[in-house]
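Chemist: Supplied in structure tokens, the structure appears directly below.
What follows draws every value from the coordinates through simple rules; no lab data is involved. Note that this is a predicted model, so its numbers are computed, not measured.
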Amino acid sequence: MHCRCGYTFPVDSAMRNPAGRSFALIDDKDYPAFLKEEKNAMLATEEEFSLRAIARSCRYVGCLLECPECSRILMLPANSLEAAAEPQFYSREP
Ligand SMILES: [Zn+2]
């Protein structure tokens with residue numbers, strides 16, 4: 001995954017950005033469902049149920065990655081990694 005400036009974000013850590021900042025992104029409409037699954041994960045007494053709830057909650061999480069070279073923000077909405085959606089880029093105003 002490349003920034004418009006040419007910087008290459010590490011492929012094996014799409015949800016992390018070791019050289020810059022990264023943020024979890026959850027659509028407002030999905031937030032109640034995300035919280036429900038997170039709560040289920042935290043209250044689960046068996047690891048298998050907890051892991052299943054975490055897997056369900058992850059479906060609602062996308063990310064914002066800040067390019068360490070040019071400070072552009074790359075937005076990857078939830079499920080965009082599997083759906084091969086085009087990332088959206090945003091630049092800071094001067
Ligand atoms: Zn960049």
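Chemist: Using Cα pairs closer than 8 Å and at least 6 residues apart in sequence, work out the relative contact order for segment 11-90, in percent. Mind showing how you got there, number by number?
Modeler: Values: 110 pairs, mean separation 24.1, N = 80.
Computed value for segment 11-90: 30 percent relative contact order.
Chemist: Can I ask one more? If one puts a single equal scatterer on every Cα of segment 36-78 and applies the Debye formula without solvent, what log₁₀ I(q)/I(0) results at q = 0.27, 0.28, 0.29 Å⁻¹?
Modeler: Ignoring solvent entirely, the Cα scatterers give -0.82, -0.85, -0.88.
Chemist: I would also like to ask the following. LEU35 to THR8: extension gain in nm, 0.36 nm per residue of separation minus the Cα-Cα distance?
Modeler: Working: separation 27, 0.36 × 27 = 9.72 nm, distance 3.22 nm.
Gain in length upon complete extension: 6.5 nm.
Chemist: I've got another one for you. Tabulate in residue order the Karplus-calculated ³J(HN,Hα) for segment 17-29, using 6.51 cos²θ - 1.76 cosθ + 1.60 with θ = phi - 60°, rounded to whole Hz; enter x for Gly and Pro.
Modeler: These are the phi-based 3J(HN,Hα) values: 9, x, 8, x, 7, 9, 9, 6, 10, 10, 4, 3, 5 Hz.
Chemist: Extent of the chain along each principal axis, from alpha carbon coordinates, in Å, largest to smallest?
Modeler: The principal-axis extents, from largest down, are 48, 27, 22 Å.
Chemist: Using only Cα atoms and rounding to the nearest 10 degrees, what angle (0 to 90) does helix 47-58 make with the longest principal axis of the chain?
Modeler: Once rounded, the angle reads 40 degrees.
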